[in-house]
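See below for the structure under consideration.
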Amino acid sequence: MGVDKKILVIPGDGIGQEVTTWGRKVLETIATNYKHNFTFEEGIMGHVAIEATGNPLPDETLDKARKSDAILFGAIGHAKYDNDPTLKVRPEQGLLKIRKELGLYANLRPIKLFDELLEASSIKPEILRGADILFFRELTGDVYFGEKKRTEDRNTASDLMIYHKYEVERIARKAFEAARTRRKKLCSVDKANVLEASRLWREVVQALEKEYTDVEVEHMFIDNAAMQLVKDPKRFDVVVTGNLFGDILTDEASQIAGSMGMLASASVGDSVGFYEPIHGSAHDIAGKGIANPLASILSAALMLDISFGLKNESLRVIKAVEATLKQGFRTMDIANKHTENHLVMGTDAMGAKVLENLS
Ligand code: IPM
Ligand code: MG
């Protein structure tokens, strides 16, 4: 028996528009092949929403999100805002608001290298081979949501780094549970030698260690973690960390997967699941048709697995991506600089190859 699911698609800004089409097409193909009934709606968010309504997250989009079973999101941001920090209404506010409103406190970012991409990374293959890390980035707290201040003379600014015990506990639990299903290793990353918020973080994780005695726990400072990640990525299994550290570490970790264009993520929490590539809107290549659609496609695979419990279908998508890479097809970001036997193609051609492999 097939399942009935309502999916909201929010392409967002920049290359989000180009790549999300392919995440959606993959979901449509899976629905057809496995006789599921997926219905799709579209919503706007980010710069495109500001242009259309003045609001980076219109109520209409939020309403649709609440009524859906899962959300496939593209990217957010526009060069205009990056270069003008004085603008008050900003695309990113839409993304932060939807995370908060939907209670999406746990951001899962799996870092797994397809063998075919060993040479695409800037890190040596022998360091990379076998690396497999699952990040749990806290997503609704930290400096992202703490009070922001600017003095009247505009010369002083601050962002409050704040965590409550319950916020640390719920994300840490998710990470512990995941570690149990993997290699039973958890690394908690903080800056407890300097920050009070990190000392609370560490205390809470340490208290949980007593409940999860089967999981081997390591506490690491963020500066050291950033170094270890490129020195010896294989030492990590599950990593749990706060919002800001997680944002930075996972961009770094994307190099372990060959390219930012490969990394998918799932944000979950109280209700609906939210799926998005970790790459941004990439204005420098937006509209050129050269962005890598695989992160969006792999985000769709995460949705099938995590929100819908469709493990086989999810695996099918991952296999189709793998087959496409095996056939030598590459987008520019993952083209192997050392050999010529790769066919470098654009977003649509690459997406179409994955669909072919799916059928
Ligand atoms: C991410 C992005 C966002 C973040 C930006 C676009 C607000 O970098 O999802 O990693 O910082 O969370
Ligand atoms: Mg980021």
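The values are calculated or read from the model by the stated rules, or taken from the named source; none is laboratory data. These figures come from a predicted structure and were not determined experimentally. All Cβ positions, glycine included, derive from the backbone under ideal geometry; neighbour counts span all protein chains shown.
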Problem - Scope the stretch 46-75; condition touching a strand residue (DSSP E or B) at 6+ places or on another chain (Cβ under 6 Å) and either over 19 Å from ALA266 (Cβ atoms) or not aliphatic (A, V, I, L, M) (or both); matching residues - result: GLY46, LYS64, SER68, ASP69, PHE73, GLY74
Exercise for the section: Sort out which residues of the stretch 227-244 are more than 28 Å from ILE318 (Cβ to Cβ), part of a helix (DSSP H, G or I) and either within 16 Å of ligand 1 (Cβ to nearest atom) or in contact with a Phe, Trp or Tyr (Cβ under 9 Å, 6 or more places away or on another chain) (or both), and write them in order of number. Expected result: LEU244
Handout entry: Boolean, ALA257 is surrounded by 20 or more Cβ atoms within 10 Å (Cβ to Cβ), more than 10 Å from ligand 2 (Cβ to nearest atom) and under 23 Å from VAL9 (Cβ atoms)
Key = no
Practice task
Could you please let me know if GLU203 is among the acidic types (Asp, Glu) and either touching a strand residue (DSSP E or B) at 6+ places or on another chain (Cβ under 7 Å) or assigned to a loop (DSSP other than H, G, I, E, B) (or both)?
Solution key: no
Handout entry: Within the stretch 209-226, considering residues that are outside any loop (DSSP other than H, G, I, E, B) and not acidic (Asp, Glu), the one nearest to GLU177 (Cα to Cα)
Key = VAL217
Exercise for the section: Filter the stretch 78-87 down to the residues that are part of a helix (DSSP H, G or I) and within 14 Å of ligand 1 (Cβ to nearest atom), then identify the one that is surrounded by the most Cβ atoms within 10 Å (Cβ to Cβ). Expected result: TYR81
Exercise for the section: Test SER267 against the stated conditions and say whether it is in contact (Cβ under 8 Å) with a residue 40 or more places away in the chain, touching a Lys or Arg at 6+ places or on another chain (Cβ under 7 Å) and under 23 Å from GLU92 (Cα atoms). Expected result: yes
Practice task
Only residues that are within 16 Å of ligand 2 (Cβ to nearest atom) and either in the same structural domain as ILE171 (by TED's automatic domain parsing) or under 14 Å from THR20 (Cβ atoms) (or both): list them for the stretch 279-291, please.
Solution key: HIS279, GLY280, SER281, ALA282
Completion exercise
Checked against (1) part of a loop (DSSP other than H, G, I, E, B); (2) away from ligand 1 (no atom under 16 Å from the Cβ), ASP284 satisfies every condition except (2)
Exercise for the section: Answer yes or no: is there a residue in the stretch 261-270 that is near ligand 2 (Cβ under 10 Å from one of its atoms) and in a strand (DSSP E or B). Expected result: yes
Practice task
Please tell me if SER307 is surrounded by 19 or more Cβ atoms within 10 Å (Cβ to Cβ), within 30 Å of GLY146 (Cα to Cα), of a type in the set (Gly, Ala, Ser) and within 16 Å of ligand 1 (Cβ to nearest atom).
Solution key: no
Problem - Members of the stretch 1-27 that are within 19 Å of GLY309 (Cβ to Cβ) and surrounded by fewer than 19 Cβ atoms within 10 Å (Cβ to Cβ) - result: MET1, GLY2, VAL3, ASP4, LYS6
Fill in the blank from the handout: (1) more than 20 Å from ARG182 (Cα to Cα); (2) in contact with a Ser or Thr (Cβ under 9 Å, 6 or more places away or on another chain); (3) within 15 Å of ligand 1 (Cβ to nearest atom) all hold for LEU263 apart from (1)
Fill in the blank from the handout: With the first residue restricted to the stretch 279-295 and required to be buried (at least 18 other Cβ atoms within 10 Å of the Cβ), and the second required to be of a type in the set (D, E, K, R) and part of a loop (DSSP other than H, G, I, E, B), Cβ contacts under 6 Å at 6 or more apart or on different chains are SER281/ASP13
Exercise for the section: Name every residue in the stretch 230-254 that is farther than 18 Å from ARG173 by Cα, surrounded by 15 or more Cβ atoms within 10 Å (Cβ to Cβ) and either touching a residue at least 40 places away in the same chain (Cβ under 8 Å) or more than 16 Å from ligand 2 (Cβ to nearest atom) (or both), in order of residue number. Expected result: VAL230, PRO233, LEU244, PHE245, ASP247, LEU249, THR250, ALA253, SER254
Problem - Flag if ALA264 is over 23 Å from ARG173 (Cα atoms) and either surrounded by fewer than 22 Cβ atoms within 10 Å (Cβ to Cβ) or at pLDDT 95 or above (or both) - result: no
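So that you can scan it fast, the table gives a plain yes or no per residue for (1) in a helix (DSSP H, G or I); (2) more than 17 Å from LEU302 (Cβ to Cβ); (3) among the hydrophobic types (A, V, I, L, M, F, W, C):
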site	(1), (2), (3)
GLU41	no, yes, no
VAL89	no, yes, yes
LEU108	no, no, yes
GLU119	no, yes, no
